[in-house]
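Read the structure below first, then the notes.
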Amino acid sequence: MPLDTPHVAGRPCSVAAALEIVGDRWSLLIVREVLFGNRRFAALARNTGAPRDRLAARLKHLVAVGVLEQREYQTNPPRSEYYLTRAGRELWPVIQTLREWGDRYAVETPPVVFRHHDHELRVGRICAECGEPVRAADVHRASRAPGWTLAGPE
């Protein structure tokens, strides 16, 4: 079920709609930290480096759009932890793919190693329908947005 997102200008596009929800640095870093098991505001602030006011705003936004849910763990003073919803958990492959890209192109030495059983984890894409590896050359595109072709507006 789609999350509640505002209309975005330009080509009708799921990427643009997704970026309206999680397309800023702090949102994806918050999701990363919650995936790592860090759920409290102080840990999120420390581990993302986000200014506290910006972190509070992003947490509020991610809860409002359904990426996170807030659960109170203390009433006096009120304190909450943040948990990923299904939509938030499904960002895991996005975070992993960004991590792999960053390991290759943005840092000298990867700061974190992810292991899967006895080997380093590498994210890949397998077609759920036929089980074949997905290669860009094998993927064909067709526009379903009224008034648009792949080249742009008709």
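Can you tell which of Ala128, Pro110, Ser80 lies farthest toward the positive end of the dipole of region 48-141, using +1 and -1 charges on the Cβ of basic and acidic side chains (Lys, Arg; Asp, Glu)?
Towards the positive end, the residue furthest out is Ser80.
Over region 29-75, what per residue volume does the convex hull of the Cα atoms give, in whole Å³?
Expressed per residue, the convex hull around the Cα atoms of region 29-75 is 77 Å³.
What is the set of long-range amide H partners of Leu68 at a cut-off below 5 Å, with H atoms built 1.01 Å from backbone N?
Result for Leu68 returns Val63, Thr85.
For the chain, divide the Cα radius of gyration by the Kirkwood radius and give the resulting Rg/Rh value with two decimals.
Here the Rg-to-Rh quotient is 1.02.
Every number in this text was worked out from the coordinates using simple rules, so none of it is lab data. Predicted, not measured: the structure shown is a model, and the values here were computed from it. With ideal geometry, Cβ positions are generated from the backbone for all residues, glycine too; neighbour counts draw on all protein chains shown.
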